[in-house]
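Have a look at the structure below, then the notes.
The values are calculated or read from the model by the stated rules, or taken from the named source; none is laboratory data. As the structure is a prediction and not an experimental result, all values here were calculated from the model. Here the Cβ is made from the backbone with ideal geometry for all residues, glycine too, and neighbour counts use every protein chain on show. Ligands, DNA and RNA are excluded from the accessible area calculation, which covers all protein heavy atoms including side chains. Shrake-Rupley method; radii C 1.70, N 1.55, O 1.52, S 1.80 Å.
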Amino acid sequence: MAAPLLIRREDETSVVSKTVSKSRAGKFRDGWVDGFLWFIRIAAILVVGFGIFRSVVMTLNGEGTSIDAWENLIVSGVAQGAMYGMLALGYSMVYGVLGFINFAHGEVFMGGAMVSFFVAQALFDNGVWESNFALSLFIILIVAVLTSTLIAVIVERVAYRPLRDAPRIIPLITSIGISFFLQYTFAGLFGEGVKTYPTPPDYLRNKVNVLGFLPIEGTKILVMVVALISMIGLYFYVQKTRAGRAMRAVAEDKEIAALMGINVDRTIVSTFAVGGAMAGVAGILWALLFRSISFITGFLPGIKAFTAAVLGGIGNLAGAMVGGIVLGLFENVGTIVVLGGLGIPGAGTLKDVISFSALVLVLVFRPRGLFGERLSHEDRP
Amino acid sequence: MTDTVSTTPVLEFRNVNTHYGPVQILNGVNITIAEGEMVCLLGGNASGKTTTLKTILGMVTPTSGEVLLDGEVISGMSTTHIVERGVSMVPENRRLFARMTVLENLEIGAYLRSDDLTEDLERIFELFPRVKERLAQKAGTLSGGEQQMVAVGRAMMSRPKVLLMDEPSMGLAPVLVAQNFDIIERINKAGTTVFMVEQNANMALSIADRGYVLQTGEIVLADTAENLLANPQMRAAYLGHTE
Ligand SMILES: Nc1ncnc2c1ncn2[C@@H]1O[C@H](COP(=O)(O)OP(=O)(O)O)[C@@H](O)[C@H]1O
Ligand SMILES: [Mg+2]
């Protein structure tokens, strides 16, 4: 249970922890840690259970959260979670193929959304945004996807490829550096101010009765549909195409993949490209949901998407999507239900506390994430 | 060996030296393999056998000397190009893609081909009827013997001219080893040149045409399989130990 959480088993760290646990002092420490983890588990079950119980009782009594509000929270949770999921895919894919966390991925997402903003602004100024929103959306989607893909591919080429044979802590730290580099490059190029996307047309802001009984805001339907289509596309790409098969082969065993005639470098580039494209889509989903964007926008969603990827079991693509949605629900519903049920005031402002507590809790219960299965069993230097 | 064309060896090492960093692994290795031959490379642990195969595939580049395929220098080319030219390998410990299905493993063996695979698959099912029953199973869940079958099948899917095998008997029960060597013999009889690395010298020499013995990166013996089996030096150093 004291296995390293975010790092794969054959990692240097785990080797260290294994040797440590062999010594007597290590055994003592492991026992202590295990006991502490059990304490956290039981406490977590009690607190969360009580919170949920109270808020369900309150709703049934017609006090606390109304049924309508519940519906709203769930829908927002799923929509936001779908966006996290799209972003989480990139973390998971790069981890699967190269075995490190690309912390610059949030900035890849921000870059796409930022460049698209200027296109959206131009479309708005020309009246196209109003007269033909579908076309405008299509254009900004393409621009975001291209921008994010380009950034991801350049970062791989310039920053990560030279470090291919270095211990994985090195590209990981590099990715943090790249993350800041990109943030301040965008701040320098486009200013530090917050930019706001033009409002979507009325018909998207109104609620539509899905299936006749579930009223959902148009933008959120759009977000979910776009995420669903992208996810299906990605699934098809990874499972059914030649390139996707090459990607899975490279993730499992680079040397043998090369032996099959697969060009490993090119496959890694396409992994970054696909992850970047998904981040570009996520950027537009962000724009639809929140509309505002600044050079710092990539940071928190990035960390949260990373959380989602870990929640789902890093390296597992379906897990990344599910992890995203679980996190979205946690953030929106969990906040109100658990904190509200416990009677904590101002629950809404504690969103981020909830999402990261969720990460800690899931890892305490299931260190490998919800679908924890390693994508790769290859030994890395 | 009647016509003049076949005098060009299909695979040749010319005075090959390789290093891992500053450490020299192969030392002036010369090997010649004619088309259709089955040749084995014998040697103890860490003598450089795997490195020899990796050098053929371009996974290790010689520091000096050349590797030739059909008379053409291939050392320095990328693995992809060398595989494209008709070399494939059954790696040490098989190393299937554990999370892919058996069928996907076979199909990925034909990654560089774009033509129809039905015939090749049929041929593999004929050699290994067991494989056909397991097509939808994840390769990681197969037994060692079954994994070996899939690994050989995967290597055959690229229709190689030269098949490299790295310790095919490693980790297999004796019955399976015998079966496995039967299959290798059949593949060779059907026209594929086989270059096999083995520690099980008796077994390897019983089916091979010729053998080389590698000792700390140097070829110390090269002869026909019969002569090697009868060689007293060989008997003392390798044949006694392997039984
Ligand atoms: N990637 C590598 N880096 C450094 N040394 C290596 C590497 N691979 C193998 N070696 C060393 O090269 C020598 C020969 O290895 P190898 O060819 O695998 O031997 P064999 O297959 O005969 O057991 C060994 O001493 C081994 O430790
Ligand atoms: Mg070896």
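Structure summary
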quantity	calculated
Within the range B:55-72, considering residues that are within 16 Å of ligand 2 (Cβ to nearest atom) and open to solvent by less than 40 Å² (accessible area, probe 1.4 Å), the one farthest from the chain's Cα centre (by Cα)	B:V60
For B:T61: the one exception among (1) part of a strand (DSSP E or B); (2) within 16 Å of ligand 1 (Cβ to nearest atom)	(1)
Check on B:P9, more than 9 Å from ligand 1 (Cβ to nearest atom) and touching a residue at least 60 places away in the same chain (Cβ under 8 Å)	yes
Residue in the range B:12-35 that is away from ligand 1 (no atom under 16 Å from the Cβ) and β-branched (V, I, T) present	yes
Enumerated helices (runs of 4 or more DSSP H) restricted to the range A:235-306, each holding at least 3 residues that are within 14 Å of another protein chain (Cβ to nearest Cβ) and open to solvent by less than 20 Å² (accessible area, probe 1.4 Å)	A:242-252, A:254-259
Helices (runs of 4 or more DSSP H) fully within the range A:62-176 counting 2 or more residues that are surrounded by 16 or more Cβ atoms within 10 Å (Cβ to Cβ)	A:67-98, A:105-125, A:133-155
Selection within the range B:209-229 - of a type in the set (A, V, I, L, M), away from ligand 2 (no atom under 16 Å from the Cβ) and open to solvent by less than 10 Å² (accessible area, probe 1.4 Å)	B:A225, B:L228
Candidate set: the range A:307-325, residues that are among the β-branched types (V, I, T) and open to solvent by less than 40 Å² (accessible area, probe 1.4 Å); chosen: the one modelled with the lowest pLDDT	A:I314
Residue match in the range B:100-110 (condition: assigned to a loop (DSSP other than H, G, I, E, B), facing chain A (nearest Cβ under 10 Å) and either open to solvent by 70 Å² or more (accessible area, probe 1.4 Å) or in contact with a Gly (Cβ under 6 Å, 6 or more places away or on another chain) (or both))	no
Selection within the range B:159-187 - under 21 Å from B:I56 (Cβ atoms), open to solvent by 20 Å² or more (accessible area, probe 1.4 Å) and not charged (D, E, K, R)	B:M170
Test set (1) within 16 Å of ligand 2 (Cβ to nearest atom); (2) free of Cβ contacts under 8 Å to residues at least 60 places away in the same chain - B:H19 fails condition number	(1)
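Okay, residues lined up against (1) more than 11 Å from chain A (Cβ to nearest Cβ); (2) among the aliphatic types (A, V, I, L, M); (3) more than 23 Å from B:P168 (Cβ to Cβ):
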| position | (1), (2), (3) |
| --- | --- |
| B:L68 | yes, yes, yes |
| B:S78 | no, no, yes |
| B:S88 | no, no, no |
| B:R94 | no, no, no |
| B:F97 | no, no, no |
| B:E119 | yes, no, yes |
| B:G145 | yes, no, no |
| B:V152 | yes, yes, no |
